[in-house]
Amino acid sequence: MKTQRVQWTLMVLVLLLSQLSLWTPSFAQGRPDIVWMRGGHAGSVNSVAFSPDGQYLASGSWDGTIKLWRVSDGALVRDYDQETGTGVLSVQFSPNGRFLGYGRADATVVLARNPFCREGDVNGDGCVDDADLLAVLFAFGQSGAGLPEDVNSDGIVDDADLLMVLFNFGSGC
Ligand SMILES: [Ca+2]
Ligand SMILES: [Ca+2]
């Protein structure tokens, strides 16, 4: 009888301990899951920002460059060093991805047309191809602000946008 009670007590204790280990908060398990880390800047990195489609990460640095990295594999896609002064302190894309805003170390705010955006690359995959052409065709006639298919940003998807895709067809592919 006494042995049975001890066994039950042990079983309850084991059960409680296993539950306690399940309830341990995940932040106590160590370092976060790093997807990738890359070097490449010649100065400290002051700011990073995801592109609106989530496919790219821009980084601004004291070295006076903004770099664009592909989120999926961490590949460096492009460098930008125009009008970046002596250093870039902050970087941010506009919600529609058409513009890039950044703050310089010389107390200047810059808004530029997104230098990483290829004219006519509607889906933002870096290549102007039939997918972009189809996107414009399917959205043909739509109007409104911030439509990705509105390549020339005039508020309507029409033949002008179609021509811009056609003129840049094959770019970046
Ligand atoms: Ca594309
Ligand atoms: Ca348009």
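Bear in mind that the values in this text are calculations on the coordinates, not laboratory data. Keep in mind it's a predicted model, so treat the numbers as computed, not measured. Cβ coordinates were reconstructed from backbone atoms using ideal geometry, including for glycine residues, and neighbour counts include every protein chain displayed.
Laid out as a table, the results:
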item	result
Candidate set from the stretch 147-159 (those that are acidic (D, E) and part of a loop (DSSP other than H, G, I, E, B)); member that is nearest to ligand 1 (Cβ to nearest atom)	E149
Options R98, R78; residue that is more than 14 Å from ligand 1 (Cβ to nearest atom) and under 15 Å from D161 (Cα atoms)	R98
Residue selected from the stretch 114-146 under the condition within 13 Å of ligand 2 (Cβ to nearest atom), part of a loop (DSSP other than H, G, I, E, B) and of a type outside the set (A, V, I, L, M, F, W, C), by the criterion surrounded by the fewest Cβ atoms within 10 Å (Cβ to Cβ)	G141
Test: residue in the stretch 78-93 that is within 12 Å of ligand 2 (Cβ to nearest atom) and under 26 Å from A49 (Cβ atoms)	no
